[in-house]
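The values are calculated or read from the model by the stated rules, or taken from the named source; none is laboratory data. No experiment lies behind these values; they were computed from the predicted model shown. Please note: Cβ atoms are built from the backbone with ideal geometry, for glycine as well, and neighbour counts cover all protein chains shown. The protein model used for the area step is the full one, side chains on, heavy atoms only, and it has no ligands, DNA or RNA in it. Shrake-Rupley method; radii C 1.70, N 1.55, O 1.52, S 1.80 Å.
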Amino acid sequence: MKIIQQPGIQPEIAVASIPQDERVWVPQAPSVWFRPLLLNTVTGSWCNLLRVRKSGVLSRHIHPSWVVGYVIKGAWRYLEHDWVARAGMFVYEPPGEVHTLVVDPLVDAEEMITFFNIGGAMVYVDGEGTTVGYEDVFTKIAMCRAHYAACGLGAAYVDQFIR
Ligand SMILES: [Fe+2]
């Protein structure tokens, strides 16, 4: 049987999620990086790995849409909840919730790596709930372009992850 692919279908992506080339990790903050996997400009969402090599409070944020995550390595938690996300765990974060991401001193892993699929935006807030920062798929693409241009991979390296 001959299967005809319909026109307009976007190319698939199949990559090793943890890259061989360290430069693929985009610096987000000191000792914090993200690795883009899918940057979806049609739905305004993105998939990435978050890698953290320090302990402490990383961010307090709210997202107006949903987030799902899968912990690959290490552990993290939210101050607002009593569970700890450990390697192998799945997490669903409901739209609208404010939470504060904490990585405790790493004991059984030298780093934390978690896959996240984020819809809409990340809105960073301070202790009073005032917005202090904002990220969406377009700011993520811009960060990738700037980093890949600076590190020698070339700004267009990010294009393979954009749909
Ligand atoms: Fe979140």
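Only one of these is in contact with a strand residue (DSSP E or B) (Cβ under 9 Å, 6 or more places away or on another chain) and at pLDDT 95 or above: Val42, Val57, Val26. Name it.
That would be Val26, the only listed residue that is in contact with a strand residue (DSSP E or B) (Cβ under 9 Å, 6 or more places away or on another chain) and at pLDDT 95 or above.
Yes or no, residue by residue, for (1) more than 11 Å from the ligand (Cβ to nearest atom); (2) of a type in the set (Phe, Trp, Tyr):
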| residue | (1), (2) |
| --- | --- |
| Trp46 | yes, yes |
| His63 | no, no |
| Ile72 | yes, no |
| Glu80 | no, no |
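For the stretch 60-85, which positions are part of a strand (DSSP E or B) and under 21 Å from Val107 (Cα atoms)?
Step one: filter the stretch 60-85 for residues part of a strand (DSSP E or B), giving 60-62, 67-73, 75-78, 84-85.
Selection gives Tyr70, Val71, Ile72, Lys73, Ala75, Trp76, Arg77, Tyr78, Val84, Ala85.
Could you please let me know if Val68 is at pLDDT 95 or above, within 15 Å of the chain's Cα centre (by Cα) and of a type outside the set (Phe, Trp, Tyr)? If you could, list the steps in order and put the result at the bottom.
Details: at pLDDT 95 or above: yes; within 15 Å of the chain's Cα centre (by Cα): yes; of a type outside the set (Phe, Trp, Tyr): yes.
Yes.
Is it true that Gly88 is among the small types (Gly, Ala, Ser), over 23 Å from Ser31 (Cα atoms) and not in a strand (DSSP E or B)?
no
Would you check if Val98 is within 16 Å of the chain's Cα centre (by Cα), farther than 17 Å from Asp136 by Cβ and among the β-branched types (Val, Ile, Thr)?
In short, no.
Which members of the stretch 111-163 meet the condition of being open to solvent by 40 Å² or more (accessible area, probe 1.4 Å) and either in a loop (DSSP other than H, G, I, E, B) or basic (Lys, Arg) (or both)?
Scanning the stretch 111-163 gives Asp126, Gly127, Glu128, Gly129, Thr130, Arg145, Gly152, Leu153, Arg163.
Of all residues being assigned to a loop (DSSP other than H, G, I, E, B) and of a type outside the set (Ser, Thr, Tyr) in the stretch 42-59, which is nearest to Cys144 (Cα to Cα)? Just the residue, please. Give the steps one after another, and end with the answer.
Step one: of the stretch 42-59, the residues assigned to a loop (DSSP other than H, G, I, E, B) are 42-44, 53-55.
From what is left, the residues that are of a type outside the set (Ser, Thr, Tyr) are 42, 44, 53-54.
On the way: Val42: 18, Gly44: 16, Arg53: 20, Lys54: 22 Å.
The extreme case among them is Gly44.
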